[in-house]
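The values are calculated or read from the model by the stated rules, or taken from the named source; none is laboratory data. Since we're looking at a predicted model, the values are computed, not measured. Backbone-built Cβ (ideal geometry, glycine too); neighbour counts: all protein chains shown. Just so you know, the surface numbers come from the protein's heavy atoms only, side chains and all, with ligands and any DNA or RNA stripped out. Shrake-Rupley method; radii C 1.70, N 1.55, O 1.52, S 1.80 Å.
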Amino acid sequence: MRILYILSTGAADPTKASLPVHLAVNGSVAIGDQPEILIAGDGAEFLVGDTIADAKGLGVPPLSELFGFVREHRIPVHV
């Protein structure tokens with residue numbers, strides 16, 4: 001099944017921002033779905049500078065690590 005996850009939360013709330021990426025990587029890929037990620041709104045903050053490296057939410061892997069898995073699994077990312 002194809003699923004679109006939307007990352008629309010910025011660096012002010014790294015936990016909430018990490019959740020769609022975490023679900024895509026550790027949920028959908030694990031069960032054989034075809035996830036895609038849409039970065040919109042405040043989520044675009046992660047495309048500039050070291051913002052993604054500094055995003056460490058509570059109870060989820062760091063966002064930079066999650067995007068490493070996104071690249072590894074070739075999950076499409078739309079902006």
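Dividing the convex hull volume of the alpha carbon atoms of the chain by its residue count, what do you get in Å³ per residue? Intermediate values should be presented prior to the final figure.
Working: hull volume 5.8 nm³, N = 79.
With only Cα atoms used, the chain gives 74 Å³ per residue.
Could you provide, to the nearest whole Å², the per residue accessible area of the chain with probe 1.4 Å? Present the calculation step by step, with values, prior to reporting the outcome.
Working: 4580 Å² over 79 residues.
I get 58 Å² per residue for the chain.
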For the range 1-43, the fraction of alpha-carbon pairs in successive 5 Å shells from zero, as %: 7, 25, 31, 19, 12, 5, 0
Per-residue [θ]222 nm for the chain (sum of -39500 (n - 2.57) over DSSP H runs n ≥ 4, rounded to 500): -8000 deg cm²/dmol
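Evaluate E = 1/(1 + (r/R0)^6) for LEU4 and ASP50, where r is the Cβ-Cβ distance and R0 equals 22 Å; express this FRET efficiency to the nearest 0.05. Before the final figure, lay out each step's value.
Values: r = 27 Å, r/R0 = 1.22.
Once the sixth-power term is evaluated, E becomes 0.25.
Determine the sum of side-chain charges near VAL79: Lys and Arg each +1, Asp and Glu each -1, restricted to other residues whose C-beta is under 14 angstrom from that of VAL79.
Details: positive: none; negative: GLU36, ASP42, GLU45.
Within the 14 Å Cβ shell, the charges total -3.
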Return the long-range amide H neighbours of LEU38 (sequence gap of 5 or more, or a different chain), with a cut-off of under 5 Å between placed amide H atoms. TYR5, ILE6, LEU7, HIS78
